[in-house]
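Just so you know, all these numbers are worked out from the coordinates, no wet-lab data involved. For clarity, every value in this text was computed on a predicted model and none was experimentally measured. Cβ sites come from the backbone with ideal geometry, for glycine too, and all protein chains shown count toward neighbours.
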DNA sequence: TTCTAAAATTGAGTCAATTCTGTTTTTATG
DNA sequence: CATAAAAACAGAATTGACTCAATTTTAGAA
């Protein structure tokens, strides 16, 4: 019945996320003190911890928003991929990368990745792993689509190939966010160069 | 030369590392309090921070020891690789993976990886990136060696291939340390399956 | 409307990493 | 040897994430 309590809860969630997102961007993850987030969201410190297990989970909620957008954008490519294996992969990778810095700064990505390895069993750690899996799955779906279209050999191990492509891209992205001066075009070019080896191997 | 001061310094370094390694293993990274490490090493908290920028750097020193051993073990394979591309890669990957849990527990690896992404510019962050590069380079050297031996096509982009193989392996290793129940044989099998696609593409 | 149990909020208190400042030890010099 | 500068040390103070017991608010029954 969408009672008062439920509405207030949703509203507090939103205020906390908005306050945190703003402060993470302004002051960086470490620089954004929980007290400051609480003050800006007009709730108490205790309330934040009632909603999120720890500071990392707040960042986690923001990351989920970003990655889900990326996944959505990727669906279009899978549905109607460019009629060329190299271009198809490049287009999908491009969408992932170009969307990735929309809400999250490199510093926020670094923190998010760090937390997800540090606490793999926390809510955020598990959510992050699930997001990675979804991305891998989407790449696998693209390969499957390309096989249907007769652009990729039928005898290719699609699952293994999807993992290979995702893992390489992801590792490149990790290195990318670790260096503030790294630029997107160079990242894309490097991944394209790596994928070229695979494209040669799997094309009909 | 080699005055008292230098000797005491080296000795204190050693004691701190030994105390930390023992406590990290016993109590985990978080569980090993700086005060406890200081007590066991018979120095004060302040002294530890005089030697290491932060707790992560202590772990970093231990990780470096481990990875350098791995690199050393790998040299043998590069010098005399198995006469088959798939086996050669599998042997090198195997050495990396089998040695990896010698001194470091999965939990210690998780922390180390997290810190290296979180603080890429700290002494440890930079060292970790350099170690990754060395491993990538060693894989590239193996490929180069296999090309000399006529086992891999000459027109293959060795640098890109080395990165691809390392990045995939590394990402698989990250997922491996994130799950306590994951086992080494399955990890190796999964990587072998992924590399099979590449082997088919690059063999003469 | 009034009352009660459940749910949610609050903020002072705890804990551990890191910083800071005064003291001690070592080295170099006369 | 004495001594002053430099280096290293010690541990108390600070800081900030997180906890928890007390208080307040809400939902629903009478």
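Per-residue Cβ counts within 10 Å, from other chains only, averaged over B:98-104: what number is that?
The mean count of partner-chain Cβ atoms within 10 Å per residue comes to 0.
Report P(r) for the protein assembly as shown: all Cα-Cα distances, bin width 20 Å, range 0 to the bin holding the largest distance, values in whole percent.
Final binned percentages: 24, 53, 21, 2, 0.
So how tilted is helix B:184-202 from the main axis of chain B? Cα-based, degrees 0 to 90, rounded to 10.
The angle comes out near 40 degrees.
Once the label point is set 7 Å along the Cα-to-beta-carbon vector, what list of distances in nm do you get between residue A:106 and its counterparts in the other copies?
3.2
If you draw the axis that swings chain B onto chain A, which residue of B has its Cβ closest to it, and how far is that in whole Å?
B:201, 1
Take peptide A:172-184, look around each residue's Cβ out to 10 angstrom, count Cβ atoms belonging to other protein chains, and average those counts.
Per residue, the average neighbour count from other chains is 3.
Fully extended, how many nm does the chain gain between residue B:54 and residue B:15 (0.36 nm per residue separation, minus their Cα-Cα distance)?
12.4 nm
For peptide A:125-131, what's the mean number of Cβ atoms from other chains within 10 Å of each residue's Cβ?
Mean inter-chain Cβ contacts per residue within 10 Å come to 1.
Based on the Cα gyration tensor of region A:80-204, what are the three equivalent ellipsoid semi-axes, each the root of five times an eigenvalue, rounded to whole Å and given largest first?
27, 17, 11
Any chance you could give the angle, 0 to 90 degrees and rounded to 10, that helix B:4-31 forms with the longest Cα principal axis of chain B?
70
Calculate, for residue A:39 and residue B:35, the FRET efficiency according to 1/(1 + (r/R0)^6) with r their C-beta to C-beta distance and R0 35 Å; round to the nearest 0.05.
E between residue A:39 and residue B:35, to the nearest 0.05, is 0.60.
With a point put 7 Å past each Cα toward its Cβ, work out how far residue A:69 is from residue A:102 in nm, to one decimal.
Distance between label points: 0.4 nm.
As I understand it, the value is the acute angle between the Cα axis of helix A:55-79 and the longest principal axis of the Cα atoms of chain A; what does it come to in degrees, rounded to 10?
The answer is roughly 30 degrees.
For label points placed 7 Å from Cα toward Cβ, what is the shortest-first list of nm distances from residue A:64 to its copies?
When each copy's label point is compared with this one, the spacings are 4.0 nm.
Would you please state which residues of region A:42-76 a label at residue A:26 would reach in this model, taking the label point 7 Å out along Cα→Cβ and a backbone N cut-off of under 14 Å?
A:42
Need the C-alpha centroid separation for region A:18-49 versus region B:56-127, integer Å.
37
Based only on other Cβ atoms within 10 Å, what is the fewest-to-most ordering of A:134, B:44?
Ranked by crowding around the Cβ, least crowded first: B:44, A:134.
Can you compute the label reach from residue A:201? Point 7 Å from Cα along the Cβ direction, backbone N cut-off under 19 Å, restricted to region B:168-191.
Counting only backbone N, you get B:168-173, B:187-191.
Taking a virtual spin label 7 Å from the Cα of residue B:130 along the C-beta vector, which residues in region B:94-121 bring their backbone nitrogen under 14 Å of it?
Those under the cut-off are B:121.
Could you order the peptides A:193-201, B:148-156, A:66-74 from most to least packed, using the average number of other C-beta atoms within 10 Å per residue?
Highest to lowest by the protection proxy: A:193-201, A:66-74, B:148-156.
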